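The values are calculated or read from the model by the stated rules, or taken from the named source; none is laboratory data. As the structure is a computational prediction, the values presented were derived from the model and not from experiment. Positions of Cβ are backbone-derived with ideal geometry, glycine not excepted, and every protein chain shown enters the neighbour counts. When the accessible area is computed, the model is the full protein with side chains, heavy atoms only, and any ligands, DNA or RNA have been set aside. Shrake-Rupley method; radii C 1.70, N 1.55, O 1.52, S 1.80 Å.
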Amino acid sequence: QVQLVESGGGLVQAGGSLRLSCAASGRTFSRYTMGWFRQAPGKEREFVAAISRSGSTTYYGDAVKGRFTISRDNAKNTVYLQMHSLKPEDTAVYYCAATPRSITTVESFFDYWGQGTQVTVSS
């Protein structure tokens, strides 16, 4: 089992940057594909980014491509989401997730979820 704890959310002005972190428990972090999802008020949760076990492959949602970067440090059991050029429409609760499957964008394939961290982008 994997426990995930997100941090780094907050309030930022449009055009600004934030880096989210997700710390995972356990010694098998490198066996998990990691992903970030987000949910805005009144909307369904959507895929943001995913990274393969080794970090060699990444996928991004169309809304964040070119602005967000996912990375991981397997020695630190941590996955990151670097966010640049933030827009008000990026405002959401951001969730970290893990799956033992190969890299995927499918929300239902992720078995473990953090509690989320709020990101608010003001215009």
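Key figures
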| read-out | value |
| --- | --- |
| Residues (touching a Ser or Thr at 6+ places or on another chain (Cβ under 6 Å) and in a loop (DSSP other than H, G, I, E, B)) located in the stretch 1-14 | 3, 8, 9, 14 |
| Test: residue in the stretch 80-92 that is buried (at least 21 other Cβ atoms within 10 Å of the Cβ), over 23 Å from residue 10 (Cα atoms) and either in contact with a helix residue (DSSP H, G or I) (Cβ under 6 Å, 6 or more places away or on another chain) or not hydroxyl-bearing (Ser, Thr, Tyr) (or both) | no |
| Pairs where the first residue, in the stretch 60-89, is on the phi < 0 side of the Ramachandran plot and assigned to a helix (DSSP H, G or I) and the second is modelled with pLDDT of 95 or more and not hydroxyl-bearing (Ser, Thr, Tyr), C-beta under 7 Å, 6+ apart | 88/14; 88/121 |
| Filtered residues of the stretch 101-115 (kept if of a type outside the set (A, V, I, L, M) and either assigned to a strand (DSSP E or B) or farther than 15 Å from residue 3 by Cβ (or both)) | 101, 102, 104, 105, 107, 108, 109, 112, 113 |
| Test: residue 118 is more than 11 Å from the chain's Cα centre (by Cα), closer than 19 Å to residue 5 by Cβ, not hydrophobic (A, V, I, L, M, F, W, C) and not in a loop (DSSP other than H, G, I, E, B) | yes |
| The stretch 20-51 - residue that is closer than 14 Å to residue 96 by Cα and part of a loop (DSSP other than H, G, I, E, B) and, of those, farthest from the chain's Cα centre (by Cα) | 25 |
| Of all residues in the stretch 1-18 being of a type in the set (Val, Ile, Thr) and modelled with pLDDT of 95 or more, the one that is farthest from the chain's Cα centre (by Cα) | 12 |
| Filter result for residue 46 (open to solvent by 40 Å² or more (accessible area, probe 1.4 Å), of a type in the set (Asp, Glu), closer than 19 Å to residue 120 by Cα and in contact (Cβ under 8 Å) with a residue 12 or more places away in the chain) | yes |
| Residue list for the stretch 21-39, filter: farther than 15 Å from residue 108 by Cα and touching a Ser or Thr at 6+ places or on another chain (Cβ under 6 Å) | 21, 23 |
